[in-house]
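The values are calculated or read from the model by the stated rules, or taken from the named source; none is laboratory data. Bear in mind that the values here come from a model prediction, so they are computed numbers and not experimental data. Positions of Cβ are backbone-derived with ideal geometry, glycine not excepted, and every protein chain shown enters the neighbour counts. Ligands, DNA and RNA are excluded from the accessible area calculation, which covers all protein heavy atoms including side chains. Shrake-Rupley method; radii C 1.70, N 1.55, O 1.52, S 1.80 Å.
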Amino acid sequence: MALWRSRILVALASVGLGVGVFALASLALAQSSMHKNAFESKLGWSKGGTDAVFDEIAHRIDDREPHNGQGSEFIELDVKKGQFIHYVYPVGKAPVGEDLRAAVWVRANRPGTQLLARVVLPNERDPKNLEYRLTTYIRGDGYQLSGRWQLLEIGRPVRELKDQQQRMSASLGRQLDFTGAYIDALILDVNGGPGPTRVWIDDLE
């Protein structure tokens, strides 16, 4: 009887150890799928598409009143005219799902900066250039608190993408295939209108 009890205890301990290892592995996987950038020493954003006329006065890591830590990424522009000025942050290949979330802290001297995500449709060709996959954008929050830090988020990408699918399918006159859609970049549209624009970016997640 004592021998059987010993074997049962060993078996239960083995099961418990296996569950513990599995839980730790799952936690490590979840943590490894989260990307963060505090913009302490290296620039993360680069110029993207624009229809505006503007001068980039400065683009650097700045230590003046960061949201957290020692620095933040700083962009200063003198905008002449135009509708959008995109700065791009590559994120690799992030499948669009209910658990996907993107957020970044922004401070600016004027309202208007907006967070977007560029979505790649792997099963659709770009009708303007068939060598490329069709892409679209989903919009996140817009910046409103001039002079103060504000969190900009893309929190409902699945719903936003479904709405975009309906609009694009109606525009093209056929049902587009959004299967396997993924985000390959975050976008900040920093155009707040003509004049001086200063934007600080920090704590991306």
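Side notes on the structure shown:
- Any hit, the range 190-198, residues being open to solvent by less than 30 Å² (accessible area, probe 1.4 Å) and part of a strand (DSSP E or B): yes
- Output for the range 165-189, where each listed residue is surrounded by fewer than 14 Cβ atoms within 10 Å (Cβ to Cβ) and of a type in the set (A, V, I, L, M, F, W, C): Ala170, Leu172
- Test for Leu115: is it surrounded by fewer than 14 Cβ atoms within 10 Å (Cβ to Cβ) and part of a strand (DSSP E or B): no
- Residue match in the range 88-102 (condition: crowded, with 17+ Cβ neighbours inside 10 Å and of a type in the set (D, E, K, R)): no
- Extreme residue, farthest from Leu100 (Cα to Cα), among residues of the range 30-78 that are crowded, with 16+ Cβ neighbours inside 10 Å and among the hydroxyl-bearing types (Ser, Thr, Tyr): Thr50
- Within the range 142-189, the set of residues being free of Cβ contacts under 8 Å to residues at least 40 places away in the same chain, under 29 Å from Ala108 (Cβ atoms) and of a type in the set (A, V, I, L, M) comprises Leu145 only.
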